[in-house]
Structures are given as C-alpha cells and as structure tokens.
1. Could you list, in sequence order, the residues of the range B:209-244 that are outside any helix (DSSP H, G or I) and aromatic (F, W, Y)?
2. Would you mention how many residues in the range B:54-73 are in contact with a strand residue (DSSP E or B) (Cβ under 6 Å, 6 or more places away or on another chain), over 21 Å from B:E221 (Cβ atoms) and open to solvent by less than 50 Å² (accessible area, probe 1.4 Å)?
3. Scan the range A:182-210 and report the pairs whose first residue is touching a residue at least 60 places away in the same chain (Cβ under 8 Å) and at the interface with another protein chain (Cβ under 9 Å from one of its Cβ atoms) and whose second residue is part of a helix (DSSP H, G or I) and acidic (D, E), with Cβ atoms within less than 7 Å and a gap of 6+ or a chain change.
4. Return yes when B:R213 is among the basic types (K, R) and touching a residue at least 60 places away in the same chain (Cβ under 8 Å) and no when it is not.
5. I'd like to verify a number: residues in the range B:174-198 that are touching a residue at least 60 places away in the same chain (Cβ under 8 Å) and within 17 Å of B:Q149 (Cβ to Cβ), how many?
6. Mind checking which residues of the range A:214-240 are open to solvent by 80 Å² or more (accessible area, probe 1.4 Å) and assigned to a helix (DSSP H, G or I)?
7. Would you pick out the residues in the range B:164-196 that are basic (K, R) and part of a loop (DSSP other than H, G, I, E, B)?
8. Tell me which residues, restricted to the range A:48-64, are in a helix (DSSP H, G or I) and out of contact with any Leu (no Cβ under 9 Å at 6 or more places or on another chain).
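The values are calculated or read from the model by the stated rules, or taken from the named source; none is laboratory data. Bear in mind that the values here come from a model prediction, so they are computed numbers and not experimental data. Cβ placement follows ideal geometry from the backbone for every residue including glycine, while neighbour counts extend to all protein chains displayed. The area values use the complete protein model at the heavy-atom level, side chains included, leaving out ligands, DNA and RNA. Shrake-Rupley method; radii C 1.70, N 1.55, O 1.52, S 1.80 Å.
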Amino acid sequence: MSTFVQQVLNGLAWGSVYALIALGYTMVYGVLKLINFAHGEVYMMGAMAGYYVGRWAQKAELPMPLRLPVTLLGAMAACAVLGFLIERFAYRPLRQANRLSVLITAIGVSLLLQNGGQLVFGADPKYFPQVLSYSEVVNTGGVVLSNIQLVIMVTAVALMAALNLFVQKTRSGRAMRAVANDKAAAQLVGISVDRIISLTFVIGSVLAAAAGVLVGLSNPKVDPLMGIMPGLKAFVAAVLGGIGNIPGAMLGGRAARAGRDAGLGDRPLDLP
Amino acid sequence: MEAAPILRLENVRVSYGAVRALCGVSVEVREGEIVTLLGSNGAGKSSLLRAISGLVPLLEGRIVLRRDGQDVDLRGVPAHQIVRHGIAHVPEGRRVFASLSVLENLEMGAFLRRDGAGIRADLDDVFTLFPRLAERRSQRAETLSGGEQQMLAIGRALMSRPRILLMDEPSLGIAPLLVKTIFDTIREINVERRMTIVVVEQNARVALGVAHRGYVLEVGEIALAGSAADLAGNDEVRKAYLGG
C-alpha cells in the first residue's frame, strides 16, 4: 500500500510537469488548430536555459533561496523569446497555407532544435546545477515526500492558477478565448489575431520552460534530446484532457502520469 | 435634400482564387439610411460586406469612408482595424463566441474601448433593446437559440458604438416570428440612434420593408438600384425575389 501511495505521489509531481507542457500544446491548438510538435524542444530549451542560469547563480554565489526563483525566471524569459521567434518566423508565414504544411514545419522546427541543440550545447548530458538543496518534508510509513516534489507541485499549481486567472479575467485572456472560438469574428471586434497568437506561443513556452527547470531539479540530467519523450507524453495528456481545453490539459497531465506510475511503478520496467 | 454619402464603394472587384465574386461594383451609402443588398445565393452580397470589413482583399477599386469631413480610403486596412473607423459587422451565421458568456460576448464587442462608464451604459442599452439577452447574460452563447444568437451578434456589434452597421443575412435560419422582431429592432436602431445600416438579405420582402434604398446584385454586378418602394414595385424584383 505504501508503495502505491508513494507511486501516486511521484506521479503527481511528474504529472504536474506534464500538465505544464500539455498546456502549451492545448493553447496553441486552441488558437491555431496546430499540433506544435516543436513544443517538447521548447521544454528542452527551458531546461538548458535553466542549466546556464543556475550555473551562473551558483558561480555568483547567490543565496540558496534565490537560486531557484532566478533560474526559473531566467529560463522562462529565454523561452518566451524562443516561443515568440518560432511563431514569428516558422508559423506566421504559413498562416494561409494548408494545415499539413504547418504540421511538417513544426516537425522541422523540432528537428532543428534537437540537432541545433546538440551542435551548440554538445550531445553529452549535462548535470543540472543544484539550485535547491534536497530535504524530506514527509517521511512516514515508507512514504517520502521531498521538498523538490513539493516545490514542483506548488510551482505548477501556482502557474496554472495564474494562467486560469489570465484566461478568464483579463482582456487579453478573453481575446484569446475569442480567437480560439472564431478568428474572423474576433477580427471584426478589433482583436489583432496575430498578436494573440504570438501571446499564446509566449505563454505556452514560458510554462514549458518552467517544466524544464522543475524536471532539472528532480532529474538533474539535461541534454538536447530530452524533450522528445516528455513532448510526446504531454501531447497525449493534452489529447486525453480534450485538446484545446485548458483545464483538461491540467488534469490530463496528472492523470496520465499518476495512472502510469500507480499501475507500473512497482513493476520491473524502466520507462522514462 | 439628400445627405452626403458616408460610405462609397467604387468599382470594387473581389475574387476567391479564380472565382470572381464582385466584378466592378459601385455602391453608395448615405448617412442615416438603411440600404439593403438583395440577390440570390452567390450574387456577391456577402463578399461586398466582407470587402468593406477587410476580410477579403480588393483586387481593384476603392472603399471610401467619409469621416470628420475627410475621405478615408479603407483599401488595405486590416480587418481588426476597421471597427476603429466606426464600422461594425454582424457576420453571416451570427458567429458569436460560442464558449463565452452572453455578457463576455458583449464586452468583446467593446474590445477597443476604454471608457468603462460608456461601456456599462451601452450594455444597459443592449439589454433594453434585447431583454432576452439580459435574462441569459451569464449563459454560454452556444446555448442560445438561433434568434437569440442573432440578437447577441447585433448587440456585440452595437457595443463598439459604430456609425455604420453592416448586417449579413440577419434572418437566416431564424424562426419567422423572430425575423420580424429583428427587423423591427433594425428599424428602431436606425430611427432612434440615426445609425446607418447596410443589410444583406435573401428575404427581400422584410428587407424592402425597412430599407430606404436597395441594390440588386446578380453574379457579382449591380443589376438594379433604387428606392425601396421602386424596387418593391419593380416587375423583375417581384418575380425573382418577392414570389410574383
């Protein structure tokens, strides 16, 4: 039983990460009806950016409590720019093209980032710097909850709450929902659809960056191909939650991972 | 005395790929009048409105808006900036934001406005005009009936405080009783707010009932133009659009 509880707990932590990635898929699908297959690579770039910012924070001897926030914010800012550039230069020129062309372009961007990443960062895995020292928050009856798991869950939930507030309450968030509903009608009320699409990519990429850093905390091995499997799984989670549906992606991510871990966690299978 | 035209289309040509939708159409709309565009399916009525709104590009011709004593050429103005020029478009098939609430849909209509008090006053206005929308303000738009969605689409357009209202087939797919309500409202908006209205309609009888003037389009060209009374009395119009 304790194994089961532990696996569900692990699953929830990992699931939070998948949910963060899945949100990017689902938001972009909502406004563009595009599966952005490069999204897993944005997550990878988030982890990479976190690696460099975290190392800088270590070298600059920033106090420990500041390192994680600085690393998170640095990676999120880097991926905001990356997301903007991907949309602007890869997808926007194809706005009138058929959907298959855009899909193939997404796969192209994904490959570009995987291989470009190996070229620039090297193919060897890097050890993610320690920006949070490990401790156990709970350790009873064979069930362990680490502070890292707690930070992952809390950060993910906070980001999702912020996203929800943004989408439901702000002018831009409402415009985003309007664009997802009907682009032509959105234009007719004065919404610049291109700006909203840009914004969607930026927000999705920021969430993926956070996921990259959070994974770096608990699984401190980052490399340019690390985005492939989580990208696929988060895509599955997004579909599971009903692609285009933001709360669905949040739940889908957790359900997918928690279910997998609860079912398979104690079997001798080493799935990533 | 005739009012000066507030909107002029001069020799407008529009195509969708190789399909020509408008082949050199000139239309004038004067301040404060209701102009109706009649014609059968595919005659180019909707394309004309879409051209004004910047949803389709012009191949040729000009669309000129008279604003503050000056001519503004709308050709090439992107669709999302047209509403800034005081033109609101109620698209064919309503196109309300399905997953947004009635209230949110109306607020989206005022997307570019920053005058909170004015927006609230206009919201009240729309709710007075369409009490049904007030009853359903927190419902998602997709749960409304066709007629209610049409009211919402009109209300959304009014929320931008337009000078010119473009309406595409407001009677399409709506219960006959509601068609009368909608057209009564069109007349009311025109008379009480002195709103200039361009309405595309297949239902020529109701459209000529409220309009001052009309144009009949046939395969992308103007076949007939005149006052609503003249058009309603015209033999060809009677035969083709009024059922004899």
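1. To start, the set of residues in the range B:209-244 that are outside any helix (DSSP H, G or I) comprises B:211-227, B:234, B:242-244.
B:Y215 - this is the single residue of the range B:209-244 that is outside any helix (DSSP H, G or I) and aromatic (F, W, Y).
2. So the answer is 2.
3. So the pair list comes out empty.
4. Values: among the basic types (K, R): yes; touching a residue at least 60 places away in the same chain (Cβ under 8 Å): yes.
Here the answer is yes, as B:R213 does meet what is asked.
5. Total satisfying the criteria: 1.
6. If the condition is that a residue be open to solvent by 80 Å² or more (accessible area, probe 1.4 Å) and assigned to a helix (DSSP H, G or I), then A:M229, A:L232, A:V236, A:L240 are the ones that fit.
7. Residues of the range B:164-196 that are basic (K, R), as a first pass: B:180, B:187, B:193-194.
If the condition is that a residue be basic (K, R) and part of a loop (DSSP other than H, G, I, E, B), then B:R194 is the only one that fits.
8. Taking the range A:48-64 as the starting set, the residues that turn out to be in a helix (DSSP H, G or I) are A:48-59, A:64.
Once the filter is applied, which keeps residues that are in a helix (DSSP H, G or I) and out of contact with any Leu (no Cβ under 9 Å at 6 or more places or on another chain), the range A:48-64 yields A:M48, A:Y51, A:Y52, A:R55, A:Q58, A:K59.
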